[in-house]
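Below: the structure, in structure tokens.
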Amino acid sequence: MGIAFQRREEFGIVAGLLILLSIVSAFEAPVVQSSVPLIQTNENLTKANAIVNQITSLSGLLAPFLAGIFYSIFGKEYFHYIMFLCTVCFLLAASVELHLTIPLQIQHYYDSMVDVFKYDFKDTLRLILKEKQHIGAVMLLNAFFMFLIQPFLSIGVPYIISVKLELDSVWNGGVQVFLGILGIAGGFVAAAITGKFQIKNIYKLFIGMGLAMIPVSLMILKHNSAKKTYFILSLSAGAIIFLASIAGTYIVSGIQKVSPQNMLGRVMAIFATINNCALPIGVWLYGIIYEKFDKQLFGVLIITAVFIIFGSIKGKKIYWILQQEYN
């Protein structure tokens with residue numbers, strides 16, 4: 001990509017390389033999530049996942065900041081140097097991963113890639129839909145919450161700040177930094193309460209996320225001042241991402257622990273796929289809803305909160321079943 005930028009290649013080449021990079025990145029989440037249980041004991045599983053989430057949150061917080069600094073230093077004329085710097089970072093990461101010792105998992109070998117997709121995929125679906133239906137239920141429930149919650153954080157918060165409150169980008173940048181910090185803090189708390197917090201109580205965290213949306217909707221309904229609404233919005237969104245960081249850590253740990261080790265990669269790949277499907281659909285749909293129902297934004301947030309709370313209560317039994325097998 002650096003060479004493409006250096007040579008001022010056509011947009012199509014750059015777009016193709018970005019798609020290729022996205023495909024490679026899609027392998028990362030299930031690989032990491034399936035490797036953690038193989039190199040950590042069950043007692044440290046939640047702490048290990050919390051550290052992974054913290055690093056992910058930290059990179060999401062620092063990467064745009066560092067990118068802005070490097071872009072201001074190099075400018076578009078020397079933008080390819082940033083790509084070369086990224087190449088060095090990837091090579092350093094790969095050199096570290098070469099030193100990881102992951103126990104070998106005995107797998108069934110097939111004659112062709114077609115058979116791999118056919119039988120491995122079928123075996124995984126049988127596991128999560130028949131043999132251990134609660135795994136599939138937890139995955140779908142998590143996707144349901146992501147469908148409702150993530151669009152509020154990624155689309156709703158910036159929309160409210162820029163359109164409803166008419167504040168500039170500095171205010172939006174401030175809340176994004178605040179959310180990043182609370183996401184990292186959630187990882188610390190998740191690690192600290194290991195052994196005290198039980199998976200069966202995850203539904204309470206999602207109830208808290210639903211309740212956190214209500215103050216924002218009330219501030220919008222009452223047409224409070226922009227700064228007051230911004231303050232409440234920041235606290236509400238911060239509470240949501242803080243609770244989501246804790247819930248996500250324990251959901252991943254629960255699925256990892258109850259899944260057969262020789263199927264961890266496949267199970268986590270399906271988990272990531274379901275989430276990756278729910279997220280863009282939710283963002284696209286809520287983007288339309290926020291625009292079409294701008295005058296009724298109060299109602300949109302209240303309805304979203306009700307759905308989250310209702311889904312949390314309905315999911316109570318699912319998390320309880322996961323808890324029983326987790327123990």
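The values are calculated or read from the model by the stated rules, or taken from the named source; none is laboratory data. This one's a predicted model, so the numbers in the text were calculated from it and none came from an experiment. Neighbour counts run over all protein chains shown; Cβ positions are idealised from the backbone, glycine included. Accessible surface is based on the protein model in full, side chains and every heavy atom, while ligands, DNA and RNA are left aside. Shrake-Rupley method; radii C 1.70, N 1.55, O 1.52, S 1.80 Å.
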Sites F121 and N224 - FRET efficiency at Förster radius 56 Å, r taken between beta-carbons, to 0.05 = 0.60
Relative contact order, percent, segment 191-269 [alpha-carbon distance under 8 Å, six or more residues apart] | 36 percent
In a Gaussian network model over the chain where Cα atoms closer than 10 Å are linked, find which of G210, G195, G187 has the largest mean-square fluctuation.
-> G195
How much net charge surrounds D123 when only the other residues with a Cβ under 13 Å from the Cβ of D123 are counted, with Lys and Arg +1 and Asp and Glu -1?
-> +3
Where does each of V163, V170, V252 land when they are ordered by accessible area, with a 1.4 Å probe and the largest first?
-> V170, V163, V252
Computed over the chain, the relative contact order (Cα-Cα under 8 Å, seq sep at least six) in percent reads 31 percent
Counting only complete DSSP H runs, which helices of the chain cover 18 Å or more along their long axis at the Cα atoms and score a mean Kyte-Doolittle of 1.6 or above?
-> 11-26, 79-97, 202-221, 297-314
Calculate the spin-label point distance for K295 paired with F74, positioning each point 7 Å from the Cα along the beta-carbon direction, and give it in nanometres.
-> 4.9 nm
With every protein chain in place, what's the accessible area of D111 (1.4 Å probe, Å², nearest 10)?
-> 150 Å²
Estimated distance in nm for a label pair at W284 and V14, the labels positioned 7 Å out from Cα along Cα-to-Cβ = 2.5 nm
Got a number for carbon plus sulfur as a percent of segment 133-291's accessible area, 1.4 Å probe?
-> 69 percent
Only residues of segment 114-158 count here: report those whose backbone N is under 15 Å from the spot 7 Å along Cα→Cβ of N42, or say none.
-> none
Quick one: accessible surface of F70, probe radius 1.4 Å, all protein chains present, in square angstrom to the nearest 10.
-> 70 Å²
For segment 276-327, shape from the Cα gyration tensor axes a ≥ b ≥ c, cut at a/c of 1.5 then a/b versus b/c, turns out oblate
Order the following by accessible area, largest value first: I313, I199. Probe radius 1.4 Å; ligands, DNA and RNA are ignored.
-> I313, I199
Spin-label point model (7 Å from Cα, Cβ direction): what's the C86 to K314 distance in nm?
-> 4.0 nm
Let me have the 222 nm mean residue ellipticity of the chain computed from DSSP H runs of 4+ only, each contributing -39500 (n - 2.57), with the sum over all residues rounded to the nearest 500.
-> -25000 deg cm²/dmol
Can you pick out the pairs among K130/K314; K196/K316; K227/K295; K204/K292 whose Cα atoms lie more than 23 Å from each other?
-> K204/K292
When Lys and Arg each count +1 and Asp and Glu each count -1, what net charge do the other residues less than 14 Å away from I309, Cβ to Cβ, add up to?
-> +3
The chain, Gaussian network, Cα under 10 Å: of K314, K200, K118, the residue fluctuating most is K118
Report the net charge of residues surrounding A226, where surrounding means a beta-carbon distance below 10 angstrom and charges are Lys +1, Arg +1, Asp -1, Glu -1.
-> +2
Over segment 107-233, relative contact order from alpha-carbon pairs under 8 Å, at least 6 apart, % = 18 percent
Tell me, what is the 1.4 Å probe accessible area of T41, in Å² to the nearest 10?
-> 70 Å²
If one computes the Cα centroid of segment 299-327 and of segment 1-40, what distance in Å separates the two points?
-> 34 Å
Working out 0.36 nm times the residue gap between A94 and I214, then minus their Cα-Cα distance, what length gain in nm do you get to one decimal?
-> 38.7 nm
